[in-house]
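Okay, so here's the structure we're looking at.
The values are calculated or read from the model by the stated rules, or taken from the named source; none is laboratory data. Computed from a prediction, not measured in an experiment: that's the story for all the values here. For neighbour counting, all protein chains shown are included, and Cβ atoms are generated from backbone atoms with ideal geometry for every residue, glycine included.
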Amino acid sequence: MIPNPRLAAFKPVVGEWTTVGRHSMMPGITLHGRTAFEWHEGGAFLCMRSEIEEPGIPSGIALIGSDDDAEPLTILYFDERAVARR
């Protein structure tokens, strides 16, 4: 595969990141986790894997890509609850 030029703007986020955040349904709790972005199929897609250290928050995976006939990029998401979203 070859790199998808529409994904070039994501180059700065490729790597592993420590994440910290909050959720409106969990007041007073700071969430800690990790998110990794990596090229898939030589850059044809960008893969994002995320996990939060708080019980009940699912780990997930997403593939980011494009469609030649559509302007916006598409993210396909799936997590350990079997939730799938576009």
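Out of everything in region 1-47 that is out of contact with any helix residue (DSSP H, G or I) (no Cβ under 7 Å at 6 or more places or on another chain) and of a type in the set (Phe, Trp, Tyr), what residue ends up being nearest to Gly65 (Cα to Cα)?
Taking the candidates together, the pick is Phe45.
Sort out which residues of region 1-20 are surrounded by 13 or more Cβ atoms within 10 Å (Cβ to Cβ) and in contact (Cβ under 8 Å) with a residue 40 or more places away in the chain, and write them in order of number.
Pro3, Asn4, Arg6, Leu7, Phe10
One line per residue, one yes/no per condition, for (1) among the aliphatic types (A, V, I, L, M); (2) outside any strand (DSSP E or B); (3) modelled with pLDDT under 95:
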position: Met1; (1), (2), (3): yes, yes, yes
position: Ala8; (1), (2), (3): yes, yes, no
position: Met25; (1), (2), (3): yes, yes, yes
position: His32; (1), (2), (3): no, no, no
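Which of the residues spanning region 24-53 are in contact with a strand residue (DSSP E or B) (Cβ under 8 Å, 6 or more places away or on another chain), over 18 Å from Phe78 (Cα atoms) and either among the aromatic types (Phe, Trp, Tyr) or in contact (Cβ under 8 Å) with a residue 24 or more places away in the chain (or both)?
Selection gives Leu31, Ala44.
May I ask you to verify whether Glu38 is closer than 23 Å to Arg86 by Cα and either out of contact with any Leu (no Cβ under 8 Å at 6 or more places or on another chain) or loosely packed, with under 15 Cβ neighbours inside 10 Å (or both)?
Considered against the rule, which asks whether it is closer than 23 Å to Arg86 by Cα and either out of contact with any Leu (no Cβ under 8 Å at 6 or more places or on another chain) or loosely packed, with under 15 Cβ neighbours inside 10 Å (or both), Glu38 comes out as yes.
So for region 65-81 (the condition being of a type in the set (D, E, K, R) and either in contact with a Lys or Arg (Cβ under 8 Å, 6 or more places away or on another chain) or surrounded by 13 or more Cβ atoms within 10 Å (Cβ to Cβ) (or both)), does at least one residue qualify?
Among the residues of region 65-81, at least one is of a type in the set (D, E, K, R) and either in contact with a Lys or Arg (Cβ under 8 Å, 6 or more places away or on another chain) or surrounded by 13 or more Cβ atoms within 10 Å (Cβ to Cβ) (or both), which makes the answer yes.
Being over 14 Å from Thr19 (Cα atoms) and in a loop (DSSP other than H, G, I, E, B) is the filter here, so list the residues in region 38-75 that pass it.
Once the filter is applied, which keeps residues that are over 14 Å from Thr19 (Cα atoms) and in a loop (DSSP other than H, G, I, E, B), region 38-75 yields Ala44, Pro55, Gly56, Pro58, Asp68, Asp69.
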